[in-house]
Amino acid sequence: MLKPSTYRQVIMFLSYATLALVVIGSILVYLDLVLGLRITNILVTEKEIIEEDLGEEVVKAGNIILLPLPRLKGNMSLEESIAYRRSIREYLDKPLTLNQLSQLLWAAQGLTELKWGFRASPSAGATYPLEIYVVVAENGVEGLEPGIYHYDPYTHTIRLTRKGDFVDELYEACLRQPWVKEAPVNIVIVAEYERTTRVYGERGIRYVHIEVGHVGQNIYLEATALGLGTVAIGAFYDNQVREILGLPPNYHPLYVMPVGVPVKPYRISEQELWKAITENREKLNIKP
Ligand SMILES: Cc1cc2nc3c(=O)[nH]c(=O)nc-3n(C[C@H](O)[C@H](O)[C@H](O)COP(=O)(O)O)c2cc1C
């Protein structure tokens, strides 16, 4: 049997403990609901924060999407990406992730130098005549509504310029090439020639056409490195594509590049390449 004084002490202890829990609980609720601080988030380790950064949450500022920040490490060497690059025209019915879209756009035109604002693809006199648009189909990119988006390299954001699924219209504009309709995403590279011809005159036209090749190749190689597939399309009605994208008359679409998860990725081994090259040398009797 407890003495009355001990009994009183136990009751007092329990009362203080309950009061302390209520106070701590109230502070947590205040931090969470009023200040928006998740105590569980504060307690996660640095590793978990890094992993969280790679998450797929879509961060928006009005109609602007803040793309996940570009990553400089991937799963494939440059040489493998060159060897495995193929024009891919059959895609699975699978959306792209926002991380994949972010990497593709960064590889196309993203920022790679900070003093002058130079970009991933070379440009004559750094005049940067090319703009990148993305036609996102319904369920084309995880977390993105269908529509036309315009890429801004300096903030690494895309802005929704037209809402809706325009893939059928783009398919018609591209002479009904089925891969346009089947791809979850079509990247469109557009030129404003004046930015370059203003500096180089007529020769600037040549430079713009060379540049679109650089950008197209970067998209091809980045897609391959990400386990995706694409094809450069040059056959389309300029006016129809311009209309779909809502572009002014001095903006000229040069490439449409459908991107998706390949039904069958292309692969070739070093041994296969070496064998073919050696046989070609033998056929032509080229010996050391
Ligand atoms: C300027 C240009 C325009 C092209 N236009 C189309 C096109 O309209 N439709 C298409 O399916 N492929 C098009 N291609 C892709 C070529 O057919 C492809 O690159 C070629 O068959 C070689 O295959 P590879 O890219 O796998 O090496 C085009 C390629 C280039 C460079």
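None of the figures in this text is laboratory data; all of them are computed from the coordinates on show. On a predicted model such as this, the values are computed, not experimentally measured, just so you know. All Cβ positions, glycine included, derive from the backbone under ideal geometry; neighbour counts span all protein chains shown.
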Net lengthening on full extension, Lys275/Lys94 (0.36 nm per residue, minus Cα-Cα): 61.5 nm
Mind checking which of Leu221, Leu21, Leu273 has the largest fluctuation in a GNM of the chain, springs on alpha carbons under 10 Å? Leu21
Of the trypsin sites (Lys or Arg not before Pro) in segment 53-138, which ones lie in a loop per DSSP and count no more than 16 other C-beta atoms within 10 Å? Arg71, Lys73, Lys115
GNM, the chain, Cα, under 10 Å: largest mean-square fluctuation among Pro153, Pro258, Pro178? Pro178
Could you check the simple spin-label distance between Tyr200 and Arg8, using points 7 Å along Cα→Cβ, in nm with one decimal? 9.5 nm
In a Gaussian network model over the chain where Cα atoms closer than 10 Å are linked, find which of Phe13, Phe118, Phe236 has the largest mean-square fluctuation. Phe13
Long pairs among Lys60/Lys163; Lys60/Lys115; Lys73/Lys264, criterion Cα-Cα beyond 21 Å: Lys60/Lys115; Lys73/Lys264
Contact order relative to length of the chain, as percent, for alpha carbon pairs under 8 angstrom and 6 or more apart: 20 percent
Using Cα atoms only, what is the angle between the long axis of helix 203-225 and the major principal axis of the chain, expressed in degrees (0 to 90) to the nearest 10? 50 degrees
Please give the residues of segment 197-239, grouped as numeric ranges, whose backbone N is less than 11 Å from a label point set 7 Å along the Cα-to-Cβ vector of Asn250. 197-198
Would you compute, from DSSP H runs of 4+ residues alone, the mean residue ellipticity of the chain at 222 nm, taking -39500 (n - 2.57) per run and dividing by the full residue count, rounded to the nearest 500? -13000 deg cm²/dmol
Give me the extension gain from Ile268 to Ile210: residue separation times 0.36 nm, minus the current Cα-Cα distance, reported in nm with one decimal. 18.1 nm
Normalised contact order of segment 112-180, rounded percent, pairs of Cα under 8 Å and 6 or more residues apart: 21 percent
Specify the angular offset, from 0 to 90 degrees and rounded to the nearest 10, of the alpha carbon long axis of helix 270-283 from the longest principal axis of the alpha carbons in the chain. 10 degrees
To test your reading of the geometry: what angle, between 0 and 90 degrees and rounded to tens, separates the Cα axis of helix 98-109 from the longest principal axis of the chain? 40 degrees
